[in-house]
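Below is one structure, written out as structure tokens; the observations come after it.
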């Protein structure tokens with residue numbers, strides 16, 4: 001019964017099976033431990049709760065900040081200098097590292113304790129720690145993001161390498177009233193034409209090449225029809241490879257992310273999708289072939 005359901009000749013089951021296959025590959029490639037994805041979503045759903053000024057693990061970092069403030073005359077009365085010192089101390093205590101190295105997954109927003117325990121994190125873990133330190137020092141610190149980077153905002157200024165979207169808006173921000181989401185930050189004209197292409201290109205560019213290749217191969221397999229023409233399947237694969245090369249060559253630096261490189265890669269990827277989907281056998285190629293691949297013998301008259 002199962003083999004009959006999986007028979008590719010049954011079209012109504014073909015695409016659900018393909019989509020389930022692709023979802024499973026993407027999930028296990030990006031999150032080998034799915035529990036991290038569940039925690040990641042839970043943490044992002046209440047970003048304000050990630051700021052923990054009373055976390056005991058903050059003690060050494062707060063002590064370092066207090067010492068640095070005492071060593072710099074006037075820093076306690078200069079909020080911008082205090083922000084700079086907090087930023088530098090957090091950078092010293094929490095070294096920068098990609099999430100797939102630290103956590104083994106594509107992206108993860110850790111708690112303050114998790115970040116300090118690891119001693120390394122990317123922008124979001126560092127921002128969570130910095131905001132918590134600033135809260136303990138008495139600043140009204142909040143977390144903000146443009147969709148690809150997380151930093152800290154206070155009334156006195158911003159810290160942890162602030163960025164903005166093309167529209168000048170922030171996608172998610174926290175305040176005393178909770179977490180606010182502004183969809184126009186990335187779904188406006190600037191977001192669709194600038195931010196989305198750049199963010200997609202940067203995310204692919206810095207992702208481990210092996211995992212990227214697995215995801216690309218899975219997408220290609222899902223798009224290919226039952227009996228693809230080999231030469232066109234190879235053309236589609238070459239276009240995917242060209243898109244990956246373009247993104248890794250032109251979009252790996254978040255501070256100097258090439259918009260033309262992002263769009264060129266998207267163009268190649270979209271072309272690869274179209275070629276793969278249209279790579280099935282045409283009438284001339286498949287003439288005289290039955291649905292199960294066995295050649296038909298012509299019936300002679302009489």
Original post:
What residue among 237, 68, 216 shows peak mean-square fluctuation when the chain is described by a Gaussian network model with Cα springs under 10 Å?
Top reply: 68
**OP:** For a label point 7 Å from the Cα of residue 249 along Cα→C-beta, name the residues of the range 180-222 whose backbone N is under 15 Å from it.
**Re:** 205
**OP:** Of the listed values (1) 25; (2) 42; (3) 47, grab the one calculated as percent of Cα pairs over 30 Å apart from the structure here.
**Re:** (3)
Original post:
For a paramagnetic label modelled at 7 Å from the Cα of residue 101 toward its Cβ, which residues of the range 28-44 fall within the zone defined by backbone nitrogen distances under 19 Å?
Top reply: 30-32
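With each run of n ≥ 4 DSSP H residues scored as -39500 (n - 2.57), what mean residue ellipticity at 222 nm is computed for the chain after dividing by its residue count and rounding to the nearest 500 deg cm²/dmol? All intermediate terms of the calculation are to be shown ahead of the outcome.
Numbers: 14 runs with 164 residues, N = 302.
Estimated from H runs of four or more residues: -16500 deg cm²/dmol.
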Original post:
Which angle between 0 and 90 degrees, to the nearest 10, do you get for helix 196-206 versus the longest principal axis of the chain when only C-alpha atoms count?
Top reply: 90
Original post:
Going by how many other beta carbons lie within 10 Å of each one, how would you line up 18, 198, fewest first?
Top reply: 18, 198
**OP:** Normalising by the residue count of the chain, find the relative contact order in percent from Cα pairs under 8 Å and 6+ residues apart.
**Re:** 14
**OP:** Find how many whole Å separate the alpha carbon centroid of the range 116-168 from the alpha carbon centroid of the range 257-275.
**Re:** 32
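So for the chain: antiparallel DSSP bridges make up what percent, rounded to the nearest 5?
Numbers: 15 of 17 bridges.
DSSP beta bridges in the chain are roughly 90 percent antiparallel.
How do 12, 248, 76 line up, fewest other C-beta atoms within 10 Å first? It would help to have the intermediate numbers written out before the result.
On the way: 12 7, 248 18, 76 14.
Final ranking by Cβ density, sparse to dense: 12, 76, 248.
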Original post:
Roughly how tilted is helix 79-93, in degrees to the nearest 10 and between 0 and 90, from the longest Cα axis of the chain?
Top reply: 60
**OP:** Determine the shape class of the range 32-185: with a ≥ b ≥ c the square roots of the Cα gyration tensor eigenvalues, call it rounded for a/c under 1.5, and otherwise prolate if a/b is greater than b/c, oblate otherwise.
**Re:** oblate
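Under 1.5 on a/c is rounded, so check that first for the range 108-228, then, if it is not, pick prolate when a/b is larger than b/c and oblate when it is not; a ≥ b ≥ c are the square roots of the alpha carbon gyration tensor eigenvalues.
oblate
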Original post:
Among 127, 205, 213, which one shows the biggest mean-square fluctuation in a GNM of the chain, springs joining Cα atoms closer than 10 Å?
Top reply: 213
Original post:
Taking the Cα atoms only, what angle lies between the long axis of helix 230-250 and the longest principal axis of the chain, rounded to 10 degrees?
Top reply: 10
Original post:
Order of 152, 133, 273 from fewest to most other C-beta atoms within 10 Å?
Top reply: 273, 133, 152
Original post:
Picking from 104, 178, 125, which is most flexible by a Gaussian network model of the chain using Cα springs under 10 Å?
Top reply: 178
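Read-outs throughout are calculated quantities, based only on the coordinates presented, and are distinct from any laboratory measurement. Nothing here was measured: the structure is a model prediction, and the numbers come from that model. Using ideal geometry, Cβ is built from the backbone for each residue, glycine included, and neighbour counts are taken over all protein chains shown.
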